[in-house]
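**Student:** Mind having a look at this structure? Questions to follow.
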Amino acid sequence: MARSTRRPGHRPHPETPRGAPRRTPARTFLRTADGVPVDAVYEPGPADRDPSDLVFVVAHGFTGDADRPHVRRIAAAFARHGAVVTFSFRGHGASGGRSTVGDREVLDLAAAVAWARGFGHARVVTVGFSMGGSVVLRHAALYADDAAAGTDAVVSVSSPARWYYRGTAPMRRLHWLVMRPAGRLVGRYGLRTRIHHRDWDPVPLSPVAAAGRIAPTPLLIVHGDRDGYFPLDHPRMLAEAAGDHGELWLEPGMGHAENASDEALLHRIGDWAVARAG
């Protein structure tokens with residue numbers, strides 16, 4: 001279960017009984033199951049909506065964080081449809097720990113979802129981009145039976161289908177960044193991302209394997225036909241694994257992840273979430 005610790009300069013979120021949701025913005029550090037402090041932000045959404053209704057939990061891409069302009073833009077778009085929780089994955093922004101590039105980040109997301117439910121929201125939709133897109137898939141598969149930390153619908157944008165993909169130039173550069181000491185220095189000082197030096201052991205459940213285990217939770221897979229990181233075989237593999245409970249949107253002219261997601265797409269995703277999250 002997520003625990004919150006005080007963030008200097010910000011008002012922490014107190015224990016919030018179910019049935020007594022607040023409409024007050026909040027920012028705090030959550031404590032993950034493995035003890036990592038995760039910076040998290042709650043925004044209550046439109047004043048005319050039932051405060052117990054839908055909350056979006058946004059999982060950013062690699063090198064993002066809760067304060068990055070592209071993450072704030074995503075949050076603002078979803079705030080028209082419900083409350084929003086954003087957070088910084090471990091090794092990113094003000095959060096502690098080091099990035100494991102999609103492995104233990106599932107614990108960060110579980111803590112954020114549990115915190116979101118603590119505000120009284122009956123329905124949670126997780127929305128992930130790129131690395132975050134793979135994390136929301138694994139989270140939905142691994143926490144399907146967890147009433148506190150599980151999700152009611154999943155949106156995965158620009159996610160890989162399989163690990164260790166090096167078929168594009170951007171992914172070859174990313175592997176250098178993650179695997180080489182010089183690359184990790186660039187990540188730390190150039191991209192404000194602290195990357196763990198250890199290899200995965202064991203290798204986590206792949207996104208495509210996770211997609212096959214999410215049913216009956218609704219799943220939306222979104223991918224641009226101009227994605228420079230992951231070509232279209234990735235979303236198609238995910239959709240095939242998901243079967244009838246998954247939907248695939250192939251977006252003409254769209255590139256990769258948050259920066260390529262325009263306002264119209266974000267509002268379509270918001271409408272889908274409102275309709276499908278229970």
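The values are calculated or read from the model by the stated rules, or taken from the named source; none is laboratory data. Just so we're clear, the structure is a prediction, and the values are computed from it rather than from any experiment. Note that we place each Cβ from the backbone using ideal geometry, even for glycine, and neighbour counts take in every protein chain shown.
**Student:** Which is surrounded by 24 or more Cβ atoms within 10 Å (Cβ to Cβ), more than 23 Å from Ala242 (Cβ to Cβ) and small (Gly, Ala, Ser), of Ala169, Ala153, Ala116?
**Tutor:** Working: Ala169 fails: surrounded by 24 or more Cβ atoms within 10 Å (Cβ to Cβ); Ala153 fails: more than 23 Å from Ala242 (Cβ to Cβ).
So the residue among Ala169, Ala153, Ala116 that is surrounded by 24 or more Cβ atoms within 10 Å (Cβ to Cβ), more than 23 Å from Ala242 (Cβ to Cβ) and small (Gly, Ala, Ser) is Ala116.
**Student:** Ok, one more. Just one of the numbered conditions (1) more than 25 Å from Ile214 (Cα to Cα); (2) touching a helix residue (DSSP H, G or I) at 6+ places or on another chain (Cβ under 8 Å) is not true of Ala47; which one?
**Tutor:** Result: Ala47 fails condition (2) only.
**Student:** Just one of Ala47, Ala33, Ala26 is surrounded by fewer than 17 Cβ atoms within 10 Å (Cβ to Cβ) and at pLDDT 90 or above; which is it? Reasoning before the result, please.
**Tutor:** Values: Ala47 fails: at pLDDT 90 or above; Ala26 fails: surrounded by fewer than 17 Cβ atoms within 10 Å (Cβ to Cβ).
Step by step, each of Ala47, Ala33, Ala26 is checked, and only Ala33 is surrounded by fewer than 17 Cβ atoms within 10 Å (Cβ to Cβ) and at pLDDT 90 or above.
**Student:** While we're on this one: Within the set of pairs 6 or more residues apart or between chains, which connect a residue that is in contact (Cβ under 8 Å) with a residue 40 or more places away in the chain inside segment 110-121 to a residue that is buried (at least 22 other Cβ atoms within 10 Å of the Cβ) and part of a helix (DSSP H, G or I) with Cβ atoms less than 7 Å apart?
**Tutor:** Ala110/His139
**Student:** Given the condition among the hydroxyl-bearing types (Ser, Thr, Tyr), modelled with pLDDT of 95 or more and under 26 Å from Leu142 (Cα atoms), answer yes or no: does some residue in segment 257-276 qualify?
**Tutor:** Quick first cut of segment 257-276, residues among the hydroxyl-bearing types (Ser, Thr, Tyr) only: 261.
Now narrow it down to the ones that are modelled with pLDDT of 95 or more: 261.
Right, trim to under 26 Å from Leu142 (Cα atoms) and you get none.
No, segment 257-276 contains no residue that is among the hydroxyl-bearing types (Ser, Thr, Tyr), modelled with pLDDT of 95 or more and under 26 Å from Leu142 (Cα atoms).
**Student:** If you don't mind, another one. Is segment 224-232 home to any residue that is farther than 28 Å from Thr63 by Cα, of a type outside the set (A, V, I, L, M), modelled with pLDDT of 95 or more and not in a loop (DSSP other than H, G, I, E, B)?
**Tutor:** First, pick out the residues of segment 224-232 that are farther than 28 Å from Thr63 by Cα: none.
Within segment 224-232, not a single residue is farther than 28 Å from Thr63 by Cα, of a type outside the set (A, V, I, L, M), modelled with pLDDT of 95 or more and not in a loop (DSSP other than H, G, I, E, B).
**Student:** So which residues in segment 61-78 are under 17 Å from Arg27 (Cα atoms), assigned to a loop (DSSP other than H, G, I, E, B) and touching a strand residue (DSSP E or B) at 6+ places or on another chain (Cβ under 6 Å)?
**Tutor:** Asp65, Ala66
**Student:** Looking at this structure, is Pro218 modelled with pLDDT of 95 or more and not charged (D, E, K, R)? Walk me through it before giving the result.
**Tutor:** Details: modelled with pLDDT of 95 or more: yes; not charged (D, E, K, R): yes.
So Pro218 fits the description; yes.
**Student:** Scan segment 180-191 residue by residue and report those that are within 23 Å of the chain's Cα centre (by Cα) and aliphatic (A, V, I, L, M).
**Tutor:** Step one: of segment 180-191, the residues within 23 Å of the chain's Cα centre (by Cα) are 184, 187-188, 190-191.
Within segment 180-191, just Leu191 meets the criteria.
**Student:** Here is a list: Val57, Val101. Which entry is touching a residue at least 24 places away in the same chain (Cβ under 8 Å) and either part of a strand (DSSP E or B) or at negative phi (or both)? Quick ask: steps written out before the conclusion?
**Tutor:** Numbers: Val101 fails: either part of a strand (DSSP E or B) or at negative phi (or both).
Residue meeting the stated conditions: Val57.
**Student:** For residues in segment 269-278 being surrounded by fewer than 21 Cβ atoms within 10 Å (Cβ to Cβ) and touching a residue at least 12 places away in the same chain (Cβ under 8 Å), which is farthest from Phe78 (Cα to Cα)?
**Tutor:** Of all residues in segment 269-278, those surrounded by fewer than 21 Cβ atoms within 10 Å (Cβ to Cβ) come to 271-272, 274-276, 278.
Checking the rest, the ones that are also touching a residue at least 12 places away in the same chain (Cβ under 8 Å) come to 271-272, 274, 276, 278.
Numbers: Asp271: 9, Trp272: 11, Val274: 10, Arg276: 15, Gly278: 17 Å.
Residue satisfying both the conditions and the ranking: Gly278.
**Student:** Out of the residues in segment 147-162 that are hydrophobic (A, V, I, L, M, F, W, C) and touching a residue at least 40 places away in the same chain (Cβ under 8 Å), state the one that is nearest to Pro216 (Cα to Cα).
**Tutor:** So in segment 147-162, the residues hydrophobic (A, V, I, L, M, F, W, C) come out as 147-149, 153-155, 157, 161.
Of the ones still in play, those that are also touching a residue at least 40 places away in the same chain (Cβ under 8 Å) are 148-149, 153-155, 157, 161.
Values: Ala148: 17, Ala149: 16, Ala153: 9, Val154: 11, Val155: 14, Val157: 19, Ala161: 20 Å.
Here the answer is Ala153.
**Student:** Considering only segment 113-162, how many residues are small (Gly, Ala, Ser), in contact with a helix residue (DSSP H, G or I) (Cβ under 9 Å, 6 or more places away or on another chain), farther than 16 Å from Gly212 by Cα and not in a helix (DSSP H, G or I)?
**Tutor:** First, the residues of segment 113-162 that are small (Gly, Ala, Ser): 114, 116, 118, 120, 122, 128, 130, 132-134, 140-141, 144, 147-150, 153, 156, 158-159, 161.
Now drop any that are not in contact with a helix residue (DSSP H, G or I) (Cβ under 9 Å, 6 or more places away or on another chain), which leaves 128, 130, 132-134, 140-141, 147-150, 153, 156, 158-159, 161.
Then drop every residue that is not farther than 16 Å from Gly212 by Cα, which leaves 128, 130, 132, 147-150, 158.
In the following step, the residues that additionally are not in a helix (DSSP H, G or I) were identified as 128, 130, 147-150, 158.
Count: 7.
**Student:** Check Asp103, Asp152, Asp108 and return the single one that is within 19 Å of Asp271 (Cβ to Cβ) and among the acidic types (Asp, Glu). Reasoning before the result, please.
**Tutor:** Working: Asp103 fails: within 19 Å of Asp271 (Cβ to Cβ); Asp108 fails: within 19 Å of Asp271 (Cβ to Cβ).
Testing whether each residue is within 19 Å of Asp271 (Cβ to Cβ) and among the acidic types (Asp, Glu) leaves just Asp152.
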